[in-house]
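**Student:** Sharing a structure below in structure tokens format, with a few things to ask.
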Amino acid sequence: MVRYELPRLPYGYDELEPFFDVETMKIHHQKHHQAYVDGLNKSLESIGGESHPQYISSILSDLKSIPESGRDAINFFGGGYENHRLFWETMTPCGDGSPGGQLEDSIDVYFENFENFKKTFSEKSLSLQGSGWCWLVFNSTFHRIEMITTENQDSPWTLQKYPLLGLDMWEHSYYLKYQNNKSEYVDAWWNIVNWDYVGNRFTELAG
Ligand code: MN
């Protein structure tokens with residue numbers, strides 16, 4: 001059966017400083033993300049994992065195909081695994097701060113302009129009560145980008161939406177450095193978004 005492993009970060013733990021501190025990055029990756037990986041492997045084992053599809057995105061997109069006894073655990077740990085995998089990929093120490101290309105054109109269509117998009121996204125992140133994520137997703141039914149939030153570790157895949165960019169709003173992602181100043185955490189994150197990566201994901205889908 002497929003065993004999931006903790007993905008390597010595409011940069012060093014200290015490279016997102018001063019925006020994300022090295023201590024938080026280490027704990028977030030080595031402890032929290034690892035716990036989702038372990039939980040996912042365990043949940044898949046507990047339902048006799050041979051028959052599950054290879055990609056976690058297809059599992060999450062079709063949770064009904066998972067035996068009911070394991071569904072909640074796979075939603076939680078599988079979502080946690082995949083949400084964090086994408087979170088790391090969509091950050092970089094050398095971002096240039098704006099999407100450009102087709103994605104920026106689409107942002108202009110649905111959110112007026114990039115500044116307004118950022119403002120709306122930040123407000124939506126901060127409006128989350130409790131733990132969850134704020135997302136930019138691609139809705140393939142309507143062939144458009146959308147902004148959504150999900151609770152806990154729920155993944156956009158379970159809503160049949162393709163995640164392009166996600167911001168972790170769990171306390172574990174900011175509390176050491178920012179304490180209760182969530183908006184400082186969100187402001188800091190904009191400096192390290194990997195727009196090349198996010199833009200390429202969008203172009204592959206929409207192009
Ligand atoms: Mn997290």
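Please treat every number below as a calculation from the coordinates, not as lab data. On a predicted model such as this, the values are computed, not experimentally measured, just so you know. When we count neighbours, we look across all protein chains shown, and the Cβ atoms used for this are built from the backbone with ideal geometry, even at glycine.
**Student:** For region 176-199, what are the residues that are more than 19 Å from Glu15 (Cβ to Cβ), surrounded by 15 or more Cβ atoms within 10 Å (Cβ to Cβ) and of a type outside the set (Lys, Arg)?
**Tutor:** Val186, Gly199
Matching residues to (1) over 20 Å from the mean Cα position of the chain (by Cα); (2) under 26 Å from Asn181 (Cβ atoms):
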{"residue": "Tyr4", "(1), (2)": "no, no"}
{"residue": "Val37", "(1), (2)": "no, no"}
{"residue": "Leu40", "(1), (2)": "no, no"}
{"residue": "Gly48", "(1), (2)": "yes, no"}
{"residue": "Ile59", "(1), (2)": "no, no"}
{"residue": "Asp62", "(1), (2)": "no, no"}
{"residue": "Glu68", "(1), (2)": "yes, no"}
{"residue": "Thr90", "(1), (2)": "no, yes"}
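**Student:** I'd like to check something: does region 135-143 contain any residue that is within 14 Å of Leu86 (Cα to Cα) and either within 13 Å of the ligand (Cβ to nearest atom) or basic (Lys, Arg) (or both)?
**Tutor:** First pass over region 135-143, keeping only residues within 14 Å of Leu86 (Cα to Cα): 135-137.
Applying the additional criterion that residues be either within 13 Å of the ligand (Cβ to nearest atom) or basic (Lys, Arg) (or both) yields none.
No: region 135-143 contains no residue that is within 14 Å of Leu86 (Cα to Cα) and either within 13 Å of the ligand (Cβ to nearest atom) or basic (Lys, Arg) (or both).
**Student:** Would you mind listing the helices (runs of 4 or more DSSP H) fully within region 1-119 where at least 2 residues are away from the ligand (no atom under 16 Å from the Cβ)?
**Tutor:** Working: elements: 22-26, 34-46, 56-61, 68-89, 101-111.
In region 1-119, 34-46, 56-61, 68-89, 101-111 are the helices (runs of 4 or more DSSP H) which contain 2 or more residues that are away from the ligand (no atom under 16 Å from the Cβ).
**Student:** Give Gly100, Gly80, Gly70 a once-over and let me know the one that is within 26 Å of Asp21 (Cβ to Cβ) and not acidic (Asp, Glu).
**Tutor:** Gly80 is the lone residue from the list that is within 26 Å of Asp21 (Cβ to Cβ) and not acidic (Asp, Glu).
**Student:** Ok, one more. Considering every residue within region 112-119, establish whether at least one is surrounded by 17 or more Cβ atoms within 10 Å (Cβ to Cβ) and closer than 30 Å to Glu23 by Cβ. Write out each step before concluding.
**Tutor:** Residues of region 112-119 surrounded by 17 or more Cβ atoms within 10 Å (Cβ to Cβ): 114, 117-118.
Filter again for closer than 30 Å to Glu23 by Cβ, leaving 118.
The answer is yes; a qualifying residue exists.
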